[in-house]
Amino acid sequence: MTISARDGTRKEDVARFWDANPCGSKFSDLEMGSAEFFAAVEKHRYDLEPHIMEMAGFEAAKGLRVLELGCGLGTDGVQFARHGACYTGMDLTANGTCLSKRHLDVKGESGTVCRGDGENLPFRDACFDVIYSHGVLHHTPDPPRAFAEILRVLKPGGRAIVMLYHRRSYNYLINIMLLRRLGIQLLRLPGGIGLAHWLTGEDERRLAAHKVFLKEQPEYLHASTFLNHNTDGPGNPISRVYTQCDMKELLSDFSDVSTVVRFARSDQVPFVGRFVPPALNRFVGRRWGWHLYGLAIK
């Protein structure tokens, strides 16, 4: 495990948070690891984020060696395996590794899952055709090192598909940095947790955790600290956001680099969000969406 020279974030803390909060698990109250649990998580994921099917390229992966960095619950890994990829999933956490293995078994798909660190990949040079990472590398202490490792283990002509959070998105600029920073003040009031739950529908246990951090961390409302706690849950050690120029810089040693923006949630727009037509939602998502994809060839 290493410590980031930039902000002191310990990888042990990152692993501890995600071990306790496997990505996507909050979207089902069913028994974790059951067939019903995996089915509910999969339905929620692709109903909410159908663009993943487009961007991941599951159908084009048949016969290719695919490595997924940060496999979480194995939801996308099952799709790669189902479409004929020679799939390897890797996760920083013991829980994510076990759940991904379990998911492949439950769905009757074959693949390899191992525990490892995206900044220090345990693979030889030039051994994968595709490396895929969706919403993971903005949580690692040293993203440039992880991108260098992706370059190293990709075959010449291999593809990298990486999603990071988008700085110039509605979700970051308006929802998180403005509306949530204002709304979080409700938690200072008597009965504020219940009021915030009534207004937003957010889980009261998560709101209670935010209230603790708000009280105990003087820097809680500072931009970087607030971002950490308000992307993937209170207590998240680190989250970052990137511009398209930032993404291209991270991929500057690759060839044929492009960026794509997707995913706007009209339900995050107060009062009028439910009236936004789907076509307008897609238009906004392609310009100011939360998911910034970097696509590159080695």
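Every number in this text was worked out from the coordinates using simple rules, so none of it is lab data. This is a predicted model, so every value here is computed, not measured. Positions of Cβ are generated from backbone atoms using ideal geometry, with glycine treated the same way; all protein chains shown enter the neighbour counts.
Structure above, values below:
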{"item": "Nearest-ten-degree value, helix 278-288 long axis tilted from longest Cα axis of the chain", "result": "80 degrees"}
{"item": "Label-point separation in nm, Lys62 to Cys98, each point 7 Å along Cα→Cβ", "result": "3.7 nm"}
{"item": "Karplus-derived 3J(HN,Hα), 6.51/-1.76/1.60, for each residue of the range 226-235, Hz, glycine and proline x", "result": "5, 4, 3, 6, 10, 9, 10, x, x, x"}
{"item": "Relative contact order [Cα under 8 Å, 6+ residues apart], the range 220-297, whole percent", "result": "32 percent"}
{"item": "Nonlocal amide H pairs with Gly158, under 5 Å, H built at 1.01 Å", "result": "Lys298"}
{"item": "Within the chain, helix-based [θ] at 222 nm, where runs of 4 or more DSSP H residues each add -39,500 (n - 2.57), nearest 500", "result": "-11000 deg cm²/dmol"}
{"item": "Sequence-separation-based contact order of the range 144-298, relative, with Cα cut under 8 Å and 6+ spacing, percent", "result": "37 percent"}
{"item": "Inter-centroid distance (Cα atoms) of the range 221-236 relative to the range 95-133, Å", "result": "28 Å"}
{"item": "For the range 43-102, size of Cβ-based charge dipole, Lys and Arg +1, Asp and Glu -1, in debye", "result": "280 debye"}
{"item": "Cα long-axis angle, helix 94-107 against the chain (0 to 90 degrees, to the nearest 10)", "result": "70 degrees"}
{"item": "Principal axis dimensions, largest first and in whole angstrom, of the range 111-262 by Cα", "result": "60, 31, 28"}
{"item": "Inter-label distance for Asp29 and Glu54, nm, one decimal - labels placed 7 Å from Cα along Cα-to-Cβ", "result": "3.4 nm"}
{"item": "For the range 79-224, share of DSSP beta bridges that run antiparallel, in % to the nearest 5", "result": "10 percent"}
{"item": "Candidates per trypsin sites (Lys or Arg not before Pro) in the range 61-120, loop by DSSP, up to 12 other Cβ within 10 Å", "result": "Lys62"}
{"item": "Cleavage-rule hits (GluC sites (Glu not before Pro)) in the range 135-240: DSSP loop, at most 10 neighbouring Cβ within 10 angstrom", "result": "Glu219"}
{"item": "Alpha-carbon centroids, the range 155-172 and the range 256-298: separation in whole Å", "result": "13 Å"}
{"item": "DSSP beta bridges in the range 147-298 [antiparallel fraction, %, rounded to 5]", "result": "95 percent"}
{"item": "For the range 82-89, Karplus couplings with θ = phi - 60° (6.51, -1.76, 1.60), whole Hz, Gly/Pro x", "result": "4, 8, x, 6, 8, 9, 10, x"}
{"item": "Charge tally in the Cβ shell below 15 Å around Ser110, where Lys, Arg are +1 and Asp, Glu are -1, Ser110 excluded", "result": "+3"}
{"item": "Value of Rg/Rh across the range 170-229 [Cα atoms, Kirkwood radius]", "result": "0.94"}
{"item": "Shape of the range 34-192, Cα gyration tensor, a/c cut at 1.5", "result": "prolate"}
{"item": "Among beta bridges that DSSP assigns inside the chain, antiparallel share in %, nearest 5", "result": "45 percent"}
